[in-house]
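The values are calculated or read from the model by the stated rules, or taken from the named source; none is laboratory data. Note that this is a predicted model, so its numbers are computed, not measured. Methodologically, a virtual Cβ is constructed for each residue, glycine included, from the backbone with ideal geometry; neighbour enumeration extends over all protein chains shown. Side chains included, ligands, DNA and RNA excluded: accessible areas come from the protein's heavy atoms. Shrake-Rupley method; radii C 1.70, N 1.55, O 1.52, S 1.80 Å.
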Amino acid sequence: MKLVFSADEAALEKLLEEVQSQIDAAKTGAVHDAADLAIRQGRANVAAAGFSKRWQQAVSYSFYPNKGGDPAAVIFDRIPFAGVFEFGMTIRGRPLLWLPIEQNLPPGIRSPKQYGKPLVSVNIAGKPPLMFDKFNRLAGPLFVGIRSADIRKRWDLMRIFAAAAARLGEFYQKRIKG
């Protein structure tokens, strides 16, 4: 018995190219779907922590199609020190960290340097030092000095991003099935 197989090579090649393009489109779409989910949930997490629209919009991603057929998305926050709220941190003064007392300050002033007028420090034993306007002490203290400030973890973006990445196979299956 003899088995002979004959195929139209051009038609087979065209079919294989179509299948490969469907696979590539499904991979690309799945990466976009996972990144979009991560961004949507990440921004919701930032909003739930009480941060402004500006902070929410800073969570974004860049897509890289990669010529080898392995698309990737890099998810990041545009604000460079945002990691402080993802992991928590202790900020130490040198020697003190001067925090504004906003009710006694003009709007927009956040540091002694921004205040622009001469200041005087008042030190009372057992209490944190206070800074007053040198010529208008009756306005009350403008800044309080502390050695350090602990910023607690406020976000959980890494967990959200990992969960979105874990669903990549699910997104691929949806895309490949049409």
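Data overview
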item	result
Residues located in the range 76-95, provided they are open to solvent by 50 Å² or more (accessible area, probe 1.4 Å) and hydrophobic (A, V, I, L, M, F, W, C)	Phe76, Phe81, Phe87, Met89, Ile91
Near pairs, Cβ below 9 angstrom, 6+ apart or cross-chain, from the range 76-101 (touching a residue at least 24 places away in the same chain (Cβ under 8 Å)) to any residue that is exposed (fewer than 13 other Cβ atoms within 10 Å of the Cβ) and hydroxyl-bearing (Ser, Thr, Tyr)	Thr90/Ser148; Ile91/Ser148; Arg92/Ser148; Gly93/Ser148; Leu97/Ser148; Trp98/Ser111; Pro100/Ser111
Of all residues making up the range 121-132, the number that are assigned to a strand (DSSP E or B) and either closer than 13 Å to Leu105 by Cα or open to solvent by less than 50 Å² (accessible area, probe 1.4 Å) (or both)	4
Complete set of residues in the range 31-46 that are within 17 Å of Glu86 (Cβ to Cβ) and either open to solvent by less than 20 Å² (accessible area, probe 1.4 Å) or of a type in the set (A, V, I, L, M) (or both)	Ala38, Ile39, Gly42, Ala44, Val46
Hey, Ala25 over 17 Å from Ala149 (Cβ atoms) and open to solvent by 50 Å² or more (accessible area, probe 1.4 Å) or not	yes
Selection status of Leu96, touching a strand residue (DSSP E or B) at 6+ places or on another chain (Cβ under 7 Å), modelled with pLDDT under 95 and within 30 Å of Ala139 (Cβ to Cβ)	yes
Filtered residue count, the range 133-178, keeping only those that are without any contact (Cβ under 8 Å) to a residue 24 or more places away in the chain and open to solvent by less than 30 Å² (accessible area, probe 1.4 Å)	1
Count - residues of the range 81-110 that are more than 26 Å from Met158 (Cα to Cα), of a type in the set (A, V, I, L, M) and part of a loop (DSSP other than H, G, I, E, B)	3
Subset tally (residues that are within 14 Å of the chain's Cα centre (by Cα), assigned to a loop (DSSP other than H, G, I, E, B) and exposed (fewer than 12 other Cβ atoms within 10 Å of the Cβ)) for the range 51-75	1
